[in-house]
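Please treat every number below as a calculation from the coordinates, not as lab data. Keep in mind that what you see is a predicted model, and the values were worked out from it rather than measured. Heads up, the Cβs are rebuilt from the backbone with ideal geometry, glycines too, and the neighbour counts pull from every protein chain shown.
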Amino acid sequence: MKRLTCILSALLFLLFSNNITAFAVPSSEDTVIYLENGYYIVETITEESILFRAGGTKSGQKSTTCYNDSNEILWSATLKGTFTHTGSRATCTASSITYAVYDDSWKIISATASKSGNTATGNVVAKKYVLGIPIKTVERTVTLTCSSNGTLS
């Protein structure tokens, strides 16, 4: 009987918890930004669906992935943002950035995240090296904005 009570209590706790993340769903089409020499960047917004959380909270991320002219991934950075929205205004409550490098000739020199108003901002500087000498630099500023009704862009 104690075991059944513990299991039911745990299920009820999970059911009514305010922080259950269910899954991620892409919220918009990819944006492609073309650079020189055939390089390009693909930006994708992904919105987290949060179950059983009081209305007015939204979390999502914007991924920036850099490709070369052979369509190979060189590096990627992901800006994550958490927002509250009331219907009349939105506020960014947290922002963070992570990155990954897939080509050994590239290095992420800096990756920073900040928040202001209803916007999370990430700044990334990536450099390509040949024989220890930087030959190409890509700088990206990524923004994730939440509207007053909770739409991420």
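Points worth noting:
- Estimated distance in nm for a label pair at residue 73 and residue 89, the labels positioned 7 Å out from Cα along Cα-to-Cβ: 3.9
- For region 19-145, the relative contact order comes to 16 percent (Cα pairs under 8 Å, sequence separation of at least 6).
- Cα-based Lys pair tally, region 65-153, threshold under 17 Å, eight or more apart or on separate chains: 6
- Projected-area average for region 19-145 over all orientations - Cα convex hull basis, square nanometres: 8.6
- Across region 103-142, Cα pairs under 8 Å and at least six residues apart give a relative contact order of 36 percent.
- Farthest positive-ward along region 19-145 dipole, Cα basis, beta-carbon charges - from 99, 61, 116: 116
- Packing order of peptides 60-68, 127-135, highest average first: 60-68, 127-135 (average count of other Cβ atoms within 10 Å over each peptide's residues).
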